[in-house]
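Any read-out appearing in this document is the output of simple, stated calculations on the displayed coordinates, not a laboratory observation. This is a predicted model, so every value here is computed, not measured. All Cβ positions, even for glycine, are placed from backbone atoms using ideal geometry, and neighbour counts span all protein chains on display.
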Amino acid sequence: MFTTKKIAFVSVINDLVTDNRVNKTCMVLIECGYDVVLVGRKFSNSLPIPNWSFKTIRLKMIFKKGPVFYFFFNLRLFFVGLINKTDLFYANDLDTLAPMFLLSKLKNKPLIYDSHELFCEVPELKDSRIKKAIWQKLEAYIIPKLKICITVNDSIAKIYEARYNVPFYIIRNISDFDQTFIPQSRAQLSMPEDKKIILLQGAGINVDRGAEELIDAMEFVQNAVLYIIGSGDVWENLKQKVSCNKNIQNKVVLINKLPKSELINYTFNADIGLSIDKNTNLNYLYSLPNKIFDYIQAEIPILASRLPEIENIILHYKIGDFIDDHNPKTIANKLNEMLYSQQLSSYKKYLTIANKEITWKSEKEKLLTIIKNI
């Protein structure tokens with residue numbers, strides 16, 4: 001790519017299309033005067049790249065998971081970065097940090113590290129002490145050497161700062177929402193117009209996210225349809241669970257991951273949005289999923305599990321309620337209560353306030369300042 005502009009080389013291990021945080025980052029880099037090269041992964045079911053204003057490279061891997069996959073992905077990422085002219089490296093999450101750190105040292109160029117989660121605390125590493133130890137050692141070796149680190153909320157920032165004595169900037173993952181957007185109707189989306197719509201969305205619907213119990217709960221929810229839109233480790237289990245229970249087959253709709261431009265239509269047509277991760281690990285405990293902000297911008301009430309960052313927002317703005325456990329009947333009772341309560345109109349009023357106050361604009365200004373001061 002020939003250009004007279006500075007070039008930012010951005011890495012992430014997913015397939016790019018549904019990662020709205022990384023997309024927003026690339027747009028901010030462009031606003032700061034960079035041409036962007038975004039590198040990620042190519043899956044067999046990857047959606048087409050939208051018409052973005054920056055270059056993308058997706059690496060197709062023979063190995064799909066495990067240590068061998070990570071080794072070869074990072075090796076290929078290193079060589080792609082090595083042959084590309086670069087003025088700034090921007091690594092998203094620990095699983096792309098090592099090659100980006102080496103490249104920044106070799107080329108003597110600045111590196112920004114954006115940690116979207118407490119990577120070493122994800123449930124996928126809980127039962128593998130060796131794998132977890134390797135990632136922890138890598139993290140402990142590199143992060144103290146970094147000058148610019150970013151994460152998604154105050155709780156995670158405090159944990160990293162305590163561990164490594166390195167300051168972390170906080171850029172919340174708020175959607176860049178077009179206030180002139182007009183969603184498609186339920187009829188256009190083939191959604192029922194005579195029933196309440198419950199929505200769980202997310203590109204990482206994985207173990208301990210509460211999706212299995214939510215599907216079981218639908219047997220007891222009145223006059224409503226649950227839409228689960230996304231992908232993740234438990235996706236096949238969810239499809240099997242629906243197909244095996246005749247009592248919920250007409251009450252649950254599973255839709256594979258969609259580009260944000262399509263997903264948002266479903267979000268705006270929902271009556272309740274859910275975020276019910278379990279408190280089984282530090283990563284989930286201190287998470288603040290971007291779907292929370294999508295629900296707020298669509299002005300739909302939220303039903304969530306009591307996790308600190310999510311609880312703070314819901315209680316502050318009075319925009320939803322909580323489940324106290326993941327028993328399907330507990331979830332169902334709370335959904336029935338919220339869907340048919342007079343409180344629903346009160347939530348709507350406060351959601352309008354939250355929507356005006358919680359915007360990407362303020363987070364974007366912080367990121368612009370960080371990049372411009374490099």
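Things to note:
- Inter-centroid distance (Cα atoms) of segment 2-60 relative to segment 268-327, Å: 29
- Listed residue (L77, I112, A91) projecting farthest to the positive dipole end of segment 52-148, Cβ model: L77
- Remark: spin-label model distance K195-F71 equals 4.9 nm, labels positioned 7 Å along the Cα→Cβ axis.
- A Förster distance of 35 Å, applied to the separation of the beta-carbon atoms of L59 and N256, puts the FRET efficiency at 0.95.
- Subset of K64/K239; K158/K241; K241/K356; K64/K318; K107/K364 violating a 31 Å alpha-carbon distance limit: K158/K241; K241/K356; K64/K318
- Per-pair calculated FRET efficiency, R0 = 30 Å: Q188 and E161 via Cβ, rounded to 0.05: 0.05
- From the coordinates shown, volume of the Cα convex hull per residue in Å³ corresponds to which of (i) 129; (ii) 202; (iii) 142: (iii)
- Dipole size of the chain about its Cα centre, with +1 on Lys/Arg Cβ and -1 on Asp/Glu Cβ: approximately 1320 debye, rounded to the nearest 20.
- Between K6 and T330, the distance separating the two model label sites (each 7 Å from Cα on the Cα→Cβ line) works out to 5.0 nm.
- Net lengthening on full extension, D176/T280 (0.36 nm per residue, minus Cα-Cα): 34.4 nm
- Förster radius 30 Å - calculated FRET efficiency between Q342 and E219 (Cβ-Cβ, nearest 0.05): 0.70
- In the chain, the longest principal axis of the Cα atoms and the axis of helix 97-107 are about 30 degrees apart.
- Within the chain, helix-based [θ] at 222 nm, where runs of 4 or more DSSP H residues each add -39,500 (n - 2.57), nearest 500: -12500 deg cm²/dmol
- Total charge dipole magnitude, segment 196-357, about the Cα centre, Cβ charges on Lys, Arg, Asp, Glu only, Debye to nearest 20: 380
- Dipole of segment 256-342 [Lys/Arg +1, Asp/Glu -1 at C-beta], most positive-end residue of G273, N333, L285: L285
- Karplus-based coupling profile of segment 265-270, in residue order and whole Hz: 5, 5, 4, 5, 9, 7, with θ = phi - 60° in 6.51 cos²θ - 1.76 cosθ + 1.60 and x standing for Gly or Pro.
- As computed over segment 196-357, the Cα convex hull volume per residue (Å³): 100
- Sites excluded, trypsin sites (Lys or Arg not before Pro) in DSSP loops with at most 10 other C-beta within 10 Å, longest stretch of the chain: 66-245
- Net length gained if the chain between I130 and T369 were fully extended (0.36 nm per residue, minus Cα distance): 82.1 nm
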